[in-house]
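Heads up, the thing below is written out as C-alpha cells.
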Amino acid sequence: MRRHDSSEYLVLRRTIAQRGALRPILLVIGIVGWALVLTAVVAWLPYPLASIIPLIVIASTFEAIRPLHFGAERIGRYLQVFYEEAGEAGRPLGDTPAWERVAMQFGTVPGVGGHPLFVPVFAFATITNYIAVIIPGPLPIELAAMAVPHVALLGWCFAADRAMRRQREIELARMRELAGR
C-alpha cells in the first residue's frame with residue numbers, strides 16, 4: 001500500500017495542531033457559558049434541582065474536549081508507527097520525521113504546561129457548581145441527592161484522566177500490532 005507520504009503526514013500533523021488549539025478555546029467558551037448559566041440559576045431558579053442545568057454545561061464542555069485530545073493522541077501514535085518507525089519510501093530511519101518519538105521519550109516536565117483534558121479546571125467548576133445546591137438552603141435529602149450527579153461528573157473526569165495516562169502506551173502497542181511489528 002503506497003501512501004501519499006508527505007501529504008498524509010502533513011495533513012495529520014495539521015489535524016493534531018488544530019485539535020490542540022481548539023481545546024483551550026472550547027474550555028474558555030464552556031467555562032464562560034457555565035458561569036453565566038450558574039449565575040442565572042442562582043438568581044432566577046433558586047432550587048437545588050436547578051444546579052443540574054449548569055452541570056450539564058460543564059459536562060458538555062468536557063465531552064467536547066475529551067475526544068479531541070484522545071483523537072489527536074491516536075493520530076500521533078499512527079504517525080509514530082507508520083511514518084517515524086517505518087521510515088519513509090527508501091529513506092533511512094534517521095531521516096524520517098521524529099516528533100512523536102521524541103515527544104514520547106521526552107515525557108512531561110512536572111509543573112510545566114497544563115493538563116491536556118483540563119481536569120483540575122473541570123473539578124473546580126463542578127465543586128463550585130454545588131453552590132447552586134447550597135444557596136437555596138436545601139433539605140439534607142436534597143443535598144445528598146444533588147451530590148450524586150456532581151460526584152459522578154468528578155468520577156468521569158478522573159476516569160478519563162486515568163485513561164489518558166495509559167492511552168499512549170496502549171495505542172502504540174496496538175498500532176505496532178496493526179503494522180505487523
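The values are calculated or read from the model by the stated rules, or taken from the named source; none is laboratory data. Computed from a predicted model, the values in this text were never measured in an experiment. All Cβ positions, glycine included, derive from the backbone under ideal geometry; neighbour counts span all protein chains shown.
Once region 144-174 is narrowed to residues that are under 17 Å from PRO54 (Cβ atoms) and more than 23 Å from the chain's Cα centre (by Cα), the residue that is surrounded by the fewest Cβ atoms within 10 Å (Cβ to Cβ) is ALA147.
The residues of region 32-44 that are farther than 16 Å from ILE127 by Cα and surrounded by 15 or more Cβ atoms within 10 Å (Cβ to Cβ) amount to a single one, GLY33. The residues listed here are VAL119, VAL81; of these, the one that is in contact with a Cys (Cβ under 7 Å, 6 or more places away or on another chain), among the β-branched types (Val, Ile, Thr) and modelled with pLDDT of 60 or more is VAL119. Determine, yes or no, whether GLY76 is part of a helix (DSSP H, G or I), out of contact with any Leu (no Cβ under 9 Å at 6 or more places or on another chain) and modelled with pLDDT under 95. Considered against the rule, which asks whether it is part of a helix (DSSP H, G or I), out of contact with any Leu (no Cβ under 9 Å at 6 or more places or on another chain) and modelled with pLDDT under 95, GLY76 comes out as no. Mind listing just one residue for me: the one in region 124-133 that is among the aliphatic types (A, V, I, L, M) and in contact (Cβ under 8 Å) with a residue 40 or more places away in the chain and, of those, surrounded by the most Cβ atoms within 10 Å (Cβ to Cβ)? Taking the candidates together, the pick is ALA132.
Within region 5-17, does at least one residue satisfy the condition of being over 15 Å from the mean Cα position of the chain (by Cα), closer than 29 Å to ALA179 by Cα, among the polar types (S, T, N, Q) and exposed (fewer than 13 other Cβ atoms within 10 Å of the Cβ)? Scanning region 5-17 turns up at least one residue that is over 15 Å from the mean Cα position of the chain (by Cα), closer than 29 Å to ALA179 by Cα, among the polar types (S, T, N, Q) and exposed (fewer than 13 other Cβ atoms within 10 Å of the Cβ).
Condition check ((1) farther than 24 Å from TYR78 by Cα; (2) touching a His at 6+ places or on another chain (Cβ under 9 Å)) across all residues:
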{"site": "LEU143", "(1), (2)": "yes, no"}
{"site": "ALA147", "(1), (2)": "yes, no"}
{"site": "ALA152", "(1), (2)": "yes, no"}
{"site": "TRP156", "(1), (2)": "yes, no"}
{"site": "ASP161", "(1), (2)": "no, yes"}
{"site": "GLU169", "(1), (2)": "no, no"}
{"site": "LEU172", "(1), (2)": "no, no"}
{"site": "ARG176", "(1), (2)": "no, no"}
{"site": "ARG181", "(1), (2)": "no, no"}
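Do we find a residue being assigned to a loop (DSSP other than H, G, I, E, B), farther than 25 Å from ARG66 by Cα and at pLDDT 85 or above anywhere in region 138-161? There is at least one residue in region 138-161 that is assigned to a loop (DSSP other than H, G, I, E, B), farther than 25 Å from ARG66 by Cα and at pLDDT 85 or above.
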